[in-house]
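The values are calculated or read from the model by the stated rules, or taken from the named source; none is laboratory data. Here the structure is a predicted model, which means the values were calculated and not measured. All Cβ positions, glycine included, derive from the backbone under ideal geometry; neighbour counts span all protein chains shown. Remember, those area values only see protein heavy atoms, side chains included, never the ligands or the DNA or RNA. Shrake-Rupley method; radii C 1.70, N 1.55, O 1.52, S 1.80 Å.
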Amino acid sequence: MASAYDEADVEAAPAHAGRLGRGVRSAVRALLDYALPPRCPGCGVVVGEDRQFCLACWTSLDFLDGPACARCSIPLPTALPGGPIECGACIAAPPPFDGAPSAVAYGPVARTVALRLKYGRRTGHARLMAGLMARPLGALTGAEPMLLVPVPLHRWRLWSRGFNQAALVADALTRHTGTPHDHHLLLRTKATVPLRGQGRRARERIVAGAFALAPGARERAKGRHIVLIDDVHASGATLRAAARALRRSGAARVSALCWARVVPDALMTGNIFDFARVDSDINDQIMSG
């Protein structure tokens, strides 16, 4: 029979082990921080914590939380009375999604973060992006249950890159907010060339028919609010093509959410009449659509 001393020893062992484990982890973390200190994801200077921007990069980010088009979510110069309004481009040709917010405007820091995730394999940047995308995701919440669907890559591009950056962001958003995701609801059935430098009509032709619903997608999507997840909203051609495919799934609503949105400088400073004549799909500043 074990003595009282032995029993106390056994009961205390898990607590001692837990404290020892935490101590080891803290020591390893301190050693790693000394050898490989955390760096700003925007410029690379040493910062205090992982996935933390330095002050200069943080203040340079343009958060898109002001007045915006109720349909495509492009910023409006000023708020107008009378409730939600749509931009001239959406009035002329309504997009197939109900809202498409982004966390920040596309600029030097937002571009660096996106490209280091996409091409530099800095997969930890997906958690950083998701943390700042959680707020606009919350603004999309409605009565229908929400489901995150990353914009898929064609299998050839997935094999060459090794991962889908949109899927990593969707995973991180699920961990951050608890909103479920489905990586296999939508398929990219056609390989497409990069959209950089293409005009609007050419972009639309390139991505036409590029997406299809996966087997069983209608059962999984019916009655849900589907939110497409991607890294950068440039021309919007890819998002529109994906949203059109999802509209056939029986989803109650289809929206889109991105890390960064290309916004012409004129739209941030002009007046509403100038804005109404501007097509939100005039930009070709990024490497692909």
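Please report the net charge: other residues with Cβ closer than 9 Å to the Cβ of residue 259, K and R +1, D and E -1. Taking every other residue near residue 259 into account, the sum is -1.
Assuming charge only on the beta carbon of Lys and Arg (+1) and of Asp and Glu (-1), the dipole of segment 132-264 about its Cα centre is about 520 debye to the nearest 20. Annotation: amide H-H contacts under 5 Å for residue 102 (H modelled 1.01 Å from N, sequence separation of 5 or more, or interchain): 258. Fully extending the segment from residue 222 to residue 52, taken as 0.36 nm per residue of separation minus the present Cα-Cα distance, adds 57.3 nm. Here segment 101-192 exposes an accessible surface that is 55 percent carbon and sulfur, computed with a 1.4 Å probe and the other protein chains kept in place.
Once both labels are positioned 7 Å from their Cα atoms along Cα-to-Cβ, the gap between residue 184 and residue 252 label points is 2.6 nm. The accessible-area ordering, largest first, of the residues 129, 146 stands as 146, 129, per a 1.4 angstrom probe. Heavy-atom accessible area, probed at 1.4 angstrom with all protein chains present, ranks 183, 176, 125 as 176, 183, 125, highest first. Each Lys or Arg adds one and each Asp or Glu takes one away; over the other residues whose Cβ falls under 15 Å from the Cβ of residue 216, this sums to +3.
Ranked by the mean number of other Cβ atoms within 10 Å of their residues, highest first, the peptides 106-114, 136-144 come out as 106-114, 136-144.
Solvent-accessible surface of protein heavy atoms, probed at 1.4 angstrom with all chains present, puts 53, 63 in the order 63, 53, largest first.
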